[in-house]
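The values are calculated or read from the model by the stated rules, or taken from the named source; none is laboratory data. A quick note: this is a predicted structure, and the numbers were derived from the prediction, not measured. Don't worry about glycine lacking a Cβ; one is built from the backbone with ideal geometry, like all the others, and counts go over all protein chains shown.
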Amino acid sequence: MASVPMRHSRLPKRWHCMIIGIGCLAYDRVLVTATTWADGKGRIVRQETRFGGNVRNALATIAELDQPAPTTAAYLATIGTSNLGTQATADLQKHRIDTTFVERVAGADPVTSTLIITADGERYVA
């Protein structure tokens, strides 16, 4: 790849950057307890569902930063054609993640996981 020298006066005032993430999209069921693992037993005090995964979370963070220049965060993935896949795509768009490179493929739904978070912040993923 050759580089072409440019005069500073010809450079755009603000660069535009696209960061593309490739990775597994997750659908998490999060269960929060008021106890610790050492207690042995406890009850669930809160539960929620959300989309996640390392790449999705990183892209959502990048999309929110928008600094030092306009940044586009895009996901490169296959996502299922089911209702869960449709919800996942909508979640990406809601968090300003570009879905131009997402291909909808039957059976390619997000991985589903259950996360248990204890009162002391310990986390278990199943």
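Among the residues of segment 6-33, those identified as outside any strand (DSSP E or B) and either surrounded by 14 or more Cβ atoms within 10 Å (Cβ to Cβ) or modelled with pLDDT of 95 or more (or both) are ILE22, GLY23, LEU25.
Here ILE62 fulfils each of the conditions (1) within 21 Å of SER113 (Cα to Cα); (2) buried (at least 18 other Cβ atoms within 10 Å of the Cβ) apart from (1). In segment 62-126, counting only strands (runs of 3 or more DSSP E) that sit wholly within it, the ones holding 2 or more residues that are under 21 Å from GLU48 (Cβ atoms) and either of a type in the set (Gly, Ala, Ser) or within 18 Å of the chain's Cα centre (by Cα) (or both) span 111-117.
Within segment 37-55, restricting attention to residues that are more than 17 Å from THR114 (Cα to Cα) and either surrounded by 11 or more Cβ atoms within 10 Å (Cβ to Cβ) or of a type in the set (Phe, Trp, Tyr) (or both), the residue that is modelled with the highest pLDDT is VAL55. Between ILE116, ILE62, ILE79, the distinction of being closer than 24 Å to VAL30 by Cα and in contact with a Pro (Cβ under 9 Å, 6 or more places away or on another chain) belongs to ILE79 only. Looking at GLY107, GLY80, GLY85, which is the one that is out of contact with any strand residue (DSSP E or B) (no Cβ under 8 Å at 6 or more places or on another chain) and free of Cβ contacts under 8 Å to residues at least 40 places away in the same chain? Going through GLY107, GLY80, GLY85 in turn, the sole match is GLY107.
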